[in-house]
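Heads up, the thing below is written out as C-alpha coordinates.
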Amino acid sequence: MANPSLLILAGDGIGPEVMAEVKKIIAWMGARRGVTFEVTEDLVGGSAYDKHGVPLHDDTMAKAQEVDAVLLGAVGGPKYDTLDFSVKPERGLLRLRKEMDLFSNLRPAQCFDALADFSSLKKEVVSGLDIMIVRELTSGVYFGEPRGIFTEGNERVGINTQRYTESEIARVARSAFELARKRANKVCSMEKANVMESGILWREVVQEVHDKEYPDVALSHMYADNGAMQLVRWPKQFDVIVTDNLFGDILSDCAAMLTGSLGMLPSASLGAPMANGRPKALYEPVHGSAPDIAGQGKANPIACILSFAMALRYSFDLGEDAARVERAVEQVLADGHRTADLMGPDGGTPISTSQMGDAIIAALDAIL
Ligand code: IPM
Ligand code: MG
(Lines give C-alpha, C1' and ligand atoms only; values in the text may rest on other atoms or scores of the structure.)
(Ligands and ions follow the chains in the order given, each with its own letter.)
Protein backbone atom coordinates (compact mmCIF):
# COMPACT_ATOMS: atom_id res chain seq x y z
CA MET A 1 0.00 0.00 0.00
CA ALA A 2 1.18 3.53 -0.77
CA ASN A 3 2.57 5.56 2.09
CA PRO A 4 0.00 7.76 3.83
CA SER A 5 0.07 11.28 2.39
CA LEU A 6 0.14 14.60 4.20
CA LEU A 7 -0.17 18.13 2.89
CA ILE A 8 1.50 20.64 5.20
CA LEU A 9 0.21 24.20 5.03
CA ALA A 10 2.23 26.03 7.67
CA GLY A 11 0.68 29.41 6.87
CA ASP A 12 1.56 32.68 8.58
CA GLY A 13 3.03 34.07 11.79
CA ILE A 14 4.12 31.33 14.17
CA GLY A 15 2.64 28.67 11.83
CA PRO A 16 5.97 27.73 10.20
CA GLU A 17 7.79 27.66 13.57
CA VAL A 18 5.37 25.32 15.28
CA MET A 19 5.08 23.18 12.13
CA ALA A 20 8.88 22.72 12.13
CA GLU A 21 8.46 20.84 15.43
CA VAL A 22 5.70 18.66 13.97
CA LYS A 23 8.11 17.72 11.18
CA LYS A 24 10.46 16.37 13.85
CA ILE A 25 7.69 14.08 15.08
CA ILE A 26 6.92 13.01 11.50
CA ALA A 27 10.60 12.13 11.02
CA TRP A 28 10.58 10.27 14.35
CA MET A 29 7.58 8.23 13.22
CA GLY A 30 9.57 7.16 10.15
CA ALA A 31 12.80 6.40 11.99
CA ARG A 32 11.44 4.78 15.13
CA ARG A 33 7.98 3.48 14.21
CA GLY A 34 8.46 2.58 10.57
CA VAL A 35 5.58 4.79 9.45
CA THR A 36 6.69 6.97 6.55
CA PHE A 37 4.48 9.79 5.37
CA GLU A 38 4.54 11.23 1.86
CA VAL A 39 4.79 14.91 2.74
CA THR A 40 4.14 17.84 0.41
CA GLU A 41 4.15 21.47 1.50
CA ASP A 42 2.35 24.50 0.19
CA LEU A 43 1.12 27.98 1.06
CA VAL A 44 -2.07 29.21 2.68
CA GLY A 45 -3.25 32.55 4.04
CA GLY A 46 -1.13 35.66 3.82
CA SER A 47 1.90 33.77 2.54
CA ALA A 48 -0.19 32.44 -0.36
CA TYR A 49 -1.56 35.91 -0.99
CA ASP A 50 1.97 37.34 -1.16
CA LYS A 51 2.92 34.85 -3.84
CA HIS A 52 -0.31 34.31 -5.79
CA GLY A 53 -2.61 37.22 -4.91
CA VAL A 54 -5.11 34.76 -3.36
CA PRO A 55 -5.09 33.14 0.12
CA LEU A 56 -5.40 29.66 -1.39
CA HIS A 57 -4.29 28.74 -4.89
CA ASP A 58 -6.52 26.39 -6.91
CA ASP A 59 -3.65 23.91 -7.22
CA THR A 60 -3.30 23.84 -3.42
CA MET A 61 -7.05 23.28 -3.08
CA ALA A 62 -6.81 20.38 -5.53
CA LYS A 63 -3.89 18.84 -3.60
CA ALA A 64 -5.84 19.14 -0.33
CA GLN A 65 -8.64 17.10 -1.90
CA GLU A 66 -6.24 14.30 -2.83
CA VAL A 67 -4.14 13.74 0.30
CA ASP A 68 -5.06 11.59 3.28
CA ALA A 69 -4.80 14.54 5.66
CA VAL A 70 -3.95 18.24 5.70
CA LEU A 71 -1.93 19.77 8.55
CA LEU A 72 -2.38 23.51 8.90
CA GLY A 73 -0.39 25.93 11.09
CA ALA A 74 -2.14 29.30 11.31
CA VAL A 75 -3.26 32.11 9.04
CA GLY A 76 -3.44 35.90 9.29
CA GLY A 77 -1.49 38.89 10.48
CA PRO A 78 -1.74 42.68 10.74
CA LYS A 79 -0.04 43.06 7.37
CA TYR A 80 -3.18 41.68 5.75
CA ASP A 81 -5.77 43.56 7.80
CA THR A 82 -6.48 46.10 5.08
CA LEU A 83 -6.88 43.56 2.27
CA ASP A 84 -10.23 43.20 0.58
CA PHE A 85 -12.46 40.74 2.49
CA SER A 86 -12.46 38.25 -0.41
CA VAL A 87 -8.68 37.72 -0.24
CA LYS A 88 -8.09 37.93 3.51
CA PRO A 89 -5.95 35.06 4.86
CA GLU A 90 -8.95 33.60 6.75
CA ARG A 91 -10.76 33.08 3.42
CA GLY A 92 -8.13 30.48 2.51
CA LEU A 93 -8.91 28.44 5.61
CA LEU A 94 -12.67 28.82 5.15
CA ARG A 95 -12.37 27.67 1.52
CA LEU A 96 -10.54 24.52 2.64
CA ARG A 97 -13.21 23.76 5.24
CA LYS A 98 -16.07 24.37 2.82
CA GLU A 99 -14.74 22.64 -0.31
CA MET A 100 -13.45 19.63 1.60
CA ASP A 101 -16.85 19.61 3.36
CA LEU A 102 -15.24 19.26 6.81
CA PHE A 103 -18.48 19.50 8.73
CA SER A 104 -17.36 18.10 12.06
CA ASN A 105 -14.80 20.09 13.99
CA LEU A 106 -13.48 18.36 17.11
CA ARG A 107 -12.02 20.69 19.71
CA PRO A 108 -10.93 18.86 22.84
CA ALA A 109 -10.29 20.90 25.97
CA GLN A 110 -8.17 18.91 28.33
CA CYS A 111 -6.47 20.24 31.40
CA PHE A 112 -2.99 18.84 31.95
CA ASP A 113 -2.29 18.29 35.65
CA ALA A 114 0.98 20.17 35.45
CA LEU A 115 -0.87 23.23 34.17
CA ALA A 116 -3.96 23.27 36.36
CA ASP A 117 -2.57 26.32 38.19
CA PHE A 118 -2.53 28.26 34.94
CA SER A 119 -6.22 28.42 34.47
CA SER A 120 -7.92 31.64 35.49
CA LEU A 121 -10.36 29.37 37.35
CA LYS A 122 -9.75 27.57 40.63
CA LYS A 123 -7.72 24.39 40.37
CA GLU A 124 -10.54 22.15 41.62
CA VAL A 125 -12.83 23.48 38.88
CA VAL A 126 -10.46 22.52 36.04
CA SER A 127 -8.14 19.75 37.19
CA GLY A 128 -8.87 16.54 35.32
CA LEU A 129 -11.11 18.40 32.86
CA ASP A 130 -11.63 16.53 29.59
CA ILE A 131 -14.37 17.79 27.31
CA MET A 132 -14.87 17.68 23.57
CA ILE A 133 -16.61 20.42 21.63
CA VAL A 134 -18.01 19.27 18.30
CA ARG A 135 -18.54 22.37 16.21
CA GLU A 136 -20.46 22.33 12.92
CA LEU A 137 -17.97 23.83 10.51
CA THR A 138 -19.36 24.21 7.00
CA SER A 139 -22.69 25.95 7.36
CA GLY A 140 -24.61 28.35 9.58
CA VAL A 141 -24.01 32.06 9.61
CA TYR A 142 -20.44 31.64 8.32
CA PHE A 143 -21.72 30.62 4.89
CA GLY A 144 -25.47 31.39 4.72
CA GLU A 145 -26.91 33.53 1.91
CA PRO A 146 -27.87 36.31 1.53
CA ARG A 147 -24.80 37.99 2.93
CA GLY A 148 -23.07 41.26 2.26
CA ILE A 149 -23.18 44.98 2.90
CA PHE A 150 -26.05 46.57 0.97
CA THR A 151 -27.63 50.00 0.73
CA GLU A 152 -31.19 50.48 1.88
CA GLY A 153 -32.52 53.98 1.39
CA ASN A 154 -29.83 56.29 2.62
CA GLU A 155 -27.92 53.91 4.86
CA ARG A 156 -25.91 50.69 4.63
CA VAL A 157 -27.06 47.41 6.07
CA GLY A 158 -24.83 44.44 6.91
CA ILE A 159 -26.43 41.02 6.40
CA ASN A 160 -25.47 37.48 7.31
CA THR A 161 -27.81 34.55 7.37
CA GLN A 162 -28.02 31.67 9.81
CA ARG A 163 -29.18 28.68 7.81
CA TYR A 164 -29.18 24.99 8.66
CA THR A 165 -30.72 22.08 6.79
CA GLU A 166 -31.89 18.97 8.62
CA SER A 167 -29.19 16.85 7.03
CA GLU A 168 -26.46 19.29 8.07
CA ILE A 169 -27.65 19.12 11.67
CA ALA A 170 -28.13 15.35 11.62
CA ARG A 171 -24.64 14.55 10.35
CA VAL A 172 -22.81 16.62 12.94
CA ALA A 173 -25.10 15.24 15.66
CA ARG A 174 -24.15 11.69 14.59
CA SER A 175 -20.52 12.56 14.79
CA ALA A 176 -21.01 13.86 18.37
CA PHE A 177 -22.96 10.77 19.45
CA GLU A 178 -20.34 8.44 17.95
CA LEU A 179 -17.60 10.23 19.87
CA ALA A 180 -19.60 10.22 23.09
CA ARG A 181 -19.91 6.45 22.90
CA LYS A 182 -16.11 6.22 23.08
CA ARG A 183 -16.00 8.65 26.01
CA ALA A 184 -18.40 9.24 28.94
CA ASN A 185 -21.48 8.68 26.72
CA LYS A 186 -22.96 12.14 27.31
CA VAL A 187 -23.89 14.83 24.78
CA CYS A 188 -25.09 18.36 25.50
CA SER A 189 -26.46 20.19 22.45
CA MET A 190 -26.34 24.00 22.51
CA GLU A 191 -28.38 26.52 20.49
CA LYS A 192 -30.70 29.46 21.03
CA ALA A 193 -34.04 27.79 20.42
CA ASN A 194 -35.61 30.52 22.54
CA VAL A 195 -34.91 33.17 19.90
CA MET A 196 -33.92 31.44 16.64
CA GLU A 197 -35.97 29.15 14.38
CA SER A 198 -32.73 27.54 13.24
CA GLY A 199 -32.19 26.74 16.92
CA ILE A 200 -35.62 25.13 17.21
CA LEU A 201 -34.86 22.93 14.21
CA TRP A 202 -31.39 22.16 15.60
CA ARG A 203 -32.88 20.95 18.89
CA GLU A 204 -35.55 18.85 17.17
CA VAL A 205 -33.18 17.16 14.75
CA VAL A 206 -30.56 16.38 17.41
CA GLN A 207 -33.32 14.84 19.54
CA GLU A 208 -34.67 12.78 16.60
CA VAL A 209 -31.23 11.43 15.66
CA HIS A 210 -30.73 10.55 19.31
CA ASP A 211 -34.07 8.77 19.74
CA LYS A 212 -33.75 6.78 16.51
CA GLU A 213 -30.06 5.93 16.44
CA TYR A 214 -28.37 6.67 19.79
CA PRO A 215 -30.90 6.14 22.59
CA ASP A 216 -28.08 4.73 24.77
CA VAL A 217 -26.31 8.12 24.89
CA ALA A 218 -27.42 10.62 27.56
CA LEU A 219 -28.60 13.76 25.73
CA SER A 220 -29.36 17.18 27.16
CA HIS A 221 -30.08 20.56 25.54
CA MET A 222 -28.96 23.97 26.72
CA TYR A 223 -29.26 27.52 25.45
CA ALA A 224 -25.83 28.57 24.27
CA ASP A 225 -25.60 31.60 26.57
CA ASN A 226 -26.32 29.40 29.57
CA GLY A 227 -23.79 26.96 28.12
CA ALA A 228 -21.12 29.66 28.19
CA MET A 229 -21.95 30.38 31.81
CA GLN A 230 -21.97 26.68 32.78
CA LEU A 231 -18.61 26.17 31.06
CA VAL A 232 -17.07 28.71 33.38
CA ARG A 233 -19.07 27.70 36.45
CA TRP A 234 -18.56 23.92 36.43
CA PRO A 235 -17.07 22.64 33.17
CA LYS A 236 -16.71 19.06 34.42
CA GLN A 237 -20.49 18.57 34.02
CA PHE A 238 -19.85 18.22 30.26
CA ASP A 239 -18.49 15.37 28.16
CA VAL A 240 -19.31 16.12 24.49
CA ILE A 241 -20.87 19.44 23.49
CA VAL A 242 -22.36 19.73 19.99
CA THR A 243 -23.17 23.13 18.59
CA ASP A 244 -23.34 25.26 15.46
CA ASN A 245 -20.55 27.07 13.65
CA LEU A 246 -20.65 30.46 15.38
CA PHE A 247 -21.56 29.28 18.89
CA GLY A 248 -18.87 26.62 18.49
CA ASP A 249 -16.30 29.24 17.56
CA ILE A 250 -17.03 31.23 20.70
CA LEU A 251 -17.62 28.38 23.14
CA SER A 252 -14.43 26.60 22.07
CA ASP A 253 -12.29 29.66 22.80
CA CYS A 254 -13.93 29.83 26.20
CA ALA A 255 -13.33 26.11 26.83
CA ALA A 256 -9.76 26.46 25.62
CA MET A 257 -8.95 29.09 28.18
CA LEU A 258 -10.23 26.85 31.00
CA THR A 259 -7.19 24.71 30.37
CA GLY A 260 -4.74 27.53 30.97
CA SER A 261 -3.26 28.21 27.56
CA LEU A 262 -4.50 28.45 24.02
CA GLY A 263 -1.07 27.18 23.05
CA MET A 264 -2.05 23.64 24.11
CA LEU A 265 -5.16 22.89 22.14
CA PRO A 266 -5.42 20.86 18.95
CA SER A 267 -8.34 20.37 16.60
CA ALA A 268 -9.51 18.00 13.90
CA SER A 269 -11.92 18.91 11.12
CA LEU A 270 -13.46 15.84 9.58
CA GLY A 271 -15.68 15.21 6.57
CA ALA A 272 -17.22 12.20 4.89
CA PRO A 273 -15.14 9.05 4.27
CA MET A 274 -13.05 9.00 1.09
CA ALA A 275 -12.72 5.98 -1.25
CA ASN A 276 -9.99 4.56 1.02
CA GLY A 277 -12.30 4.71 4.03
CA ARG A 278 -10.41 7.57 5.71
CA PRO A 279 -12.39 10.71 6.45
CA LYS A 280 -11.49 13.88 4.60
CA ALA A 281 -9.49 15.66 7.27
CA LEU A 282 -7.66 18.80 8.26
CA TYR A 283 -5.80 19.19 11.55
CA GLU A 284 -4.83 22.52 13.05
CA PRO A 285 -4.06 24.12 16.41
CA VAL A 286 -6.87 26.22 17.87
CA HIS A 287 -4.51 29.16 18.41
CA GLY A 288 -3.91 31.78 15.73
CA SER A 289 -0.82 33.12 13.99
CA ALA A 290 0.31 35.22 17.01
CA PRO A 291 2.09 37.87 14.91
CA ASP A 292 3.37 39.59 18.09
CA ILE A 293 5.75 36.71 18.83
CA ALA A 294 6.30 35.33 15.31
CA GLY A 295 9.87 34.60 14.30
CA GLN A 296 11.23 34.76 17.85
CA GLY A 297 11.26 31.10 18.78
CA LYS A 298 8.82 31.78 21.62
CA ALA A 299 5.75 29.95 20.34
CA ASN A 300 4.45 26.82 22.03
CA PRO A 301 4.43 23.97 19.47
CA ILE A 302 2.30 21.65 21.63
CA ALA A 303 -1.09 22.48 20.07
CA CYS A 304 0.28 21.77 16.61
CA ILE A 305 2.00 18.58 17.78
CA LEU A 306 -1.21 17.39 19.47
CA SER A 307 -3.08 18.16 16.24
CA PHE A 308 -0.72 15.76 14.49
CA ALA A 309 -1.51 13.22 17.22
CA MET A 310 -5.19 13.64 16.35
CA ALA A 311 -4.25 12.95 12.70
CA LEU A 312 -2.54 9.73 13.78
CA ARG A 313 -5.70 8.68 15.61
CA TYR A 314 -8.52 9.83 13.31
CA SER A 315 -6.92 9.56 9.84
CA PHE A 316 -4.37 6.79 10.17
CA ASP A 317 -5.76 4.47 12.82
CA LEU A 318 -2.55 4.85 14.81
CA GLY A 319 -4.22 5.41 18.15
CA GLU A 320 -1.29 3.92 20.05
CA ASP A 321 1.15 6.29 18.48
CA ALA A 322 -1.23 9.18 19.11
CA ALA A 323 -1.34 8.17 22.78
CA ARG A 324 2.47 8.02 22.82
CA VAL A 325 2.71 11.59 21.56
CA GLU A 326 0.15 12.71 24.14
CA ARG A 327 2.04 10.95 26.92
CA ALA A 328 5.30 12.53 25.79
CA VAL A 329 3.68 15.96 26.00
CA GLU A 330 2.36 15.20 29.47
CA GLN A 331 5.81 14.02 30.50
CA VAL A 332 7.68 17.15 29.38
CA LEU A 333 5.15 19.32 31.16
CA ALA A 334 5.43 17.23 34.32
CA ASP A 335 9.22 17.58 34.05
CA GLY A 336 8.79 21.35 34.16
CA HIS A 337 9.58 22.28 30.56
CA ARG A 338 7.76 25.51 29.76
CA THR A 339 7.54 27.77 26.73
CA ALA A 340 6.95 31.47 27.39
CA ASP A 341 3.14 31.19 27.31
CA LEU A 342 3.32 28.71 30.20
CA MET A 343 5.44 30.82 32.53
CA GLY A 344 3.71 31.63 35.79
CA PRO A 345 3.69 35.08 37.34
CA ASP A 346 6.76 34.14 39.41
CA GLY A 347 8.81 33.84 36.24
CA GLY A 348 11.49 31.28 35.43
CA THR A 349 13.33 30.73 32.19
CA PRO A 350 11.21 29.63 29.26
CA ILE A 351 12.55 27.23 26.65
CA SER A 352 12.28 27.93 22.94
CA THR A 353 9.90 26.44 20.40
CA SER A 354 12.55 24.06 19.08
CA GLN A 355 13.76 23.09 22.56
CA MET A 356 10.18 22.09 23.38
CA GLY A 357 10.07 20.00 20.20
CA ASP A 358 13.38 18.34 21.14
CA ALA A 359 12.17 17.62 24.67
CA ILE A 360 9.08 15.91 23.27
CA ILE A 361 11.22 13.81 20.93
CA ALA A 362 13.44 12.80 23.88
CA ALA A 363 10.34 11.84 25.88
CA LEU A 364 9.06 9.79 22.91
CA ASP A 365 12.36 7.94 22.75
CA ALA A 366 12.14 7.23 26.47
CA ILE A 367 8.55 5.94 26.19
CA LEU A 368 9.51 3.62 23.32
C1 IPM B 1 -11.26 29.38 14.45
C2 IPM B 1 -10.97 30.77 13.95
C3 IPM B 1 -11.57 30.93 12.57
C4 IPM B 1 -13.07 30.85 12.69
C5 IPM B 1 -11.11 32.18 11.81
C6 IPM B 1 -9.61 32.29 11.73
C7 IPM B 1 -11.72 32.24 10.43
O8 IPM B 1 -11.43 31.70 14.86
O9 IPM B 1 -10.88 28.41 13.76
O10 IPM B 1 -11.85 29.24 15.52
O11 IPM B 1 -13.75 31.86 12.98
O12 IPM B 1 -13.60 29.77 12.49
MG1 MG C 1 -12.17 30.88 16.68
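Of note:
- Close amide-amide hydrogen proximity is noted between VAL70 and LEU7, ALA281, LEU282, TYR283, each under 5 Å apart and 5 or more residues distant or on a separate chain (H modeled in the peptide plane; Pro and chain starts excluded).
- MRE, 222 nm, helices only [DSSP H, n ≥ 4, -39500 (n - 2.57), over the chain, to nearest 500]: -13000 deg cm²/dmol
- Cα centroid separation, region 62-98 to region 310-368 (Å): 27 Å
- Antiparallel DSSP beta bridges within the chain, percent to nearest 5: 45 percent
- Inverse mean reciprocal Cα-Cα distance (Kirkwood Rh) of region 1-143, Å: 17.3 Å
- Fraction of antiparallel bridges per DSSP, region 130-258 only, in percent to nearest 5: 30 percent
- For region 1-55, taking Cα atoms only, Rg and Dmax work out to 13.3, 41 Å respectively.
- Spatial separation of Cα centroids for region 156-200 and region 255-302, in angstrom: 22 Å
- Working from Cα pairs under 8 Å separated by at least six residues, relative contact order for the chain is 21 percent.
- Computed magnitude of the charge dipole of the chain (debye, nearest 20; Cβ of K, R +1, Cβ of D, E -1): 380 debye
- Pairs of alpha carbons in region 251-326 whose separation is greater than 21 Å (percent): 35 percent
- Each Lys or Arg adds one and each Asp or Glu takes one away; over the other residues whose Cβ falls under 9 Å from the Cβ of GLY140, this sums to -2.
- As a ratio to 2.2 N^0.38 Å, the alpha-carbon radius of gyration for region 217-280 is 1.34.
- If the convex hull is drawn through the Cα atoms of the chain, its volume per residue in Å³: 153 Å³
- Candidates ILE169, ASN185, VAL286 compared by Cα position along the dipole of the chain: farthest toward the positive end lies ASN185, with charges placed on Cβ.
- Average projection area in nm² (convex hull over Cα atoms of region 130-258, one quarter of hull surface): 8.5 nm²
- Neighbourhood net charge (10 Å Cβ-Cβ; Lys/Arg +1, Asp/Glu -1) for ASN105: 0
- Given charges at Cβ of Lys, Arg, Asp, Glu: region 62-190 dipole, positive-most of GLN110, ALA64, PRO78: GLN110
- Rolling a 1.4 Å probe over the protein heavy atoms of region 130-258, with every protein chain left in place, gives an accessible area that is 53 percent carbon and sulfur.
- Computed magnitude of the charge dipole of region 130-258 (debye, nearest 20; Cβ of K, R +1, Cβ of D, E -1): 400 debye
- Kirkwood Rh and Cα Rg combined as Rg/Rh, region 76-208: 1.05
- Semi-axis lengths, Å, region 300-368, gyration tensor of Cα atoms, sqrt of 5 times eigenvalues: 24, 12, 9
- Computed over neighbours whose Cβ is under 11 Å from that of VAL125, the net charge equals +3, Lys and Arg +1, Asp and Glu -1.
The values are calculated or read from the model by the stated rules, or taken from the named source; none is laboratory data. Everything numeric here is computed off the predicted structure, so don't read it as measured data. Positions of Cβ are backbone-derived with ideal geometry, glycine not excepted, and every protein chain shown enters the neighbour counts. What goes into the accessible areas is simple: the full protein's heavy atoms, side chains included, and nothing from ligands, DNA or RNA. Shrake-Rupley method; radii C 1.70, N 1.55, O 1.52, S 1.80 Å.
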